[in-house]
DNA sequence: GGTTGCTTTTAAGGTTGTTTTAAATTGAAT
DNA sequence: ATTCAATTTAAAACAACCTTAAAAGCAACC
């Protein structure tokens, strides 16, 4: 099992990590909220243990952003004893469990096991770029539906953010080998995609590189 | 939401039940371990709240028997403060959460919501989605009977709420490998399912994603 | 064994959304 | 200014999907 532990009290963190390692639980440690969020957004962990009181970004804020981006990694919140409001906020916001500080590491381990023993949440294949979330299983971009061809093109763009894709590559990948009006297919669909991006009010856009192709950029 | 509450302290139970009702949580109450076990073995509940200290049969024993019989209804254990051993035993035994007594009902409600919001556990006998309750053992959807194929398809849809299932996946799962009119089988049965959903006046519906498949959504 | 009632398969026609086509418009580069 | 690439649009063509109903299959029952 691999977890992320976001905790600013260094000595506490070291002690807990040491005990978790004994139980064969691999731990990545983040010392503040920003670092924590960065790591939490990657789908690398079986669970995340989040302290609430943190420098830069609170645990509740991290959790909120995670759930907004549909990151479904199970989360255990930590906070000082008896702050019932925090507990409730955390649980309402999509935390999976709660543990009062100070806690016994044995209990944390038991709770981690209980969480991870669950069947894994169906992880939709999702590609992210800045404020965009492209869900491949549903073929939706931040919720709006894309058609087959739109999705085919957009997948290529979002997979190589910042670097260009040529029309020929797009044709080959999305259409196979065709004839005649070919290049215009791509142009038409790029136009459709731009329209959808605009309707999403995304700051990402598709940039044309004349005589070369297109790339996804963030303004 | 419908829960079972196993608790021998009558006045505490009445107070808690009263507050839960206000939150539209339906509660069945069992006053001792035997009665609790009987009810717990029925797949009627979204969650079970289990006191540990009980007459006749302890909460831990009930939990153990439930899990042995593969009843996967989520369980929240209750026990007097600081009995860390009990907590750990409970969680190891497959409890999904733990709450120390005395507790605030607000926290119990938050934890129930957190638990029930989860995707349904693997082989639960009843799968829920919004206003739909699909009972696998007698193959009824909110009471109306589904045929073999209907149920096979609907099970796939309700197990991945919000994310799409392809026709190929459906064919493979429900029919095995066949020939010729294959895809139309799925279309025909999707049509039947839609008719039944409509007759139930459910706000859930099956959405087509062209060239991809189907998903269950809530309007 | 044949009748009844149900589920499943087959088939065909209608509907809808996506893709293609084509032509007019805009914009960049020399 | 001229040219060629890129954009946009709308209509036509197409393919996917929906629906329905009849035929076939299957099991339970007398």
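In segment B:107-130, which residues are within 10 Å of chain A (Cβ to nearest Cβ), modelled with pLDDT under 80 and under 18 Å from residue A:96 (Cα atoms)?
B:114, B:115, B:117, B:118, B:119, B:120, B:121, B:122
Scan segment B:146-161 and give yes if some residue there is surrounded by fewer than 16 Cβ atoms within 10 Å (Cβ to Cβ) and near DNA strand C (Cβ under 9 Å from one of its atoms), otherwise no.
For segment B:146-161, residues surrounded by fewer than 16 Cβ atoms within 10 Å (Cβ to Cβ) and near DNA strand C (Cβ under 9 Å from one of its atoms): present.
I'm trying to understand the selection: among the residues of segment B:140-157, which are more than 16 Å from DNA strand D (Cβ to nearest atom) and assigned to a strand (DSSP E or B)?
Residues satisfying the conditions are B:140, B:141, B:144.
Return only the number of the condition from (1) closer than 30 Å to residue B:136 by Cβ; (2) at pLDDT 75 or above; (3) part of a helix (DSSP H, G or I) that residue B:14 does not satisfy.
(1)
So residue A:183 fits all but one of (1) in a helix (DSSP H, G or I); (2) touching a strand residue (DSSP E or B) at 6+ places or on another chain (Cβ under 8 Å); what number is the exception?
Every condition holds for residue A:183 apart from (2).
Filter segment B:160-176 for residues that are touching a helix residue (DSSP H, G or I) at 6+ places or on another chain (Cβ under 8 Å) and over 25 Å from residue A:143 (Cα atoms); which is nearest to the other protein chains (Cβ to nearest Cβ)? Explain how you work it out, then say what you get.
First, the residues of segment B:160-176 that are touching a helix residue (DSSP H, G or I) at 6+ places or on another chain (Cβ under 8 Å): B:165, B:167, B:169-171, B:173-175.
Now drop any that are not over 25 Å from residue A:143 (Cα atoms), which leaves B:171, B:173-175.
Numbers: B:171: 17, B:173: 15, B:174: 19, B:175: 22 Å.
Applying the filter and picking the extreme gives B:173.
For segment B:207-219, which residues satisfy the criterion of being surrounded by 13 or more Cβ atoms within 10 Å (Cβ to Cβ) and over 13 Å from residue A:138 (Cα atoms)?
B:218
Those residues that are assigned to a helix (DSSP H, G or I) and either within 14 Å of chain B (Cβ to nearest Cβ) or within 11 Å of DNA strand D (Cβ to nearest atom) (or both), I need them from segment A:197-219; list them, please.
A:197, A:198
The values are calculated or read from the model by the stated rules, or taken from the named source; none is laboratory data. Not measured: the values here are computed from a predicted model. Reconstructed Cβ throughout: ideal geometry from the backbone, glycine too, with neighbour counts over all protein chains shown.
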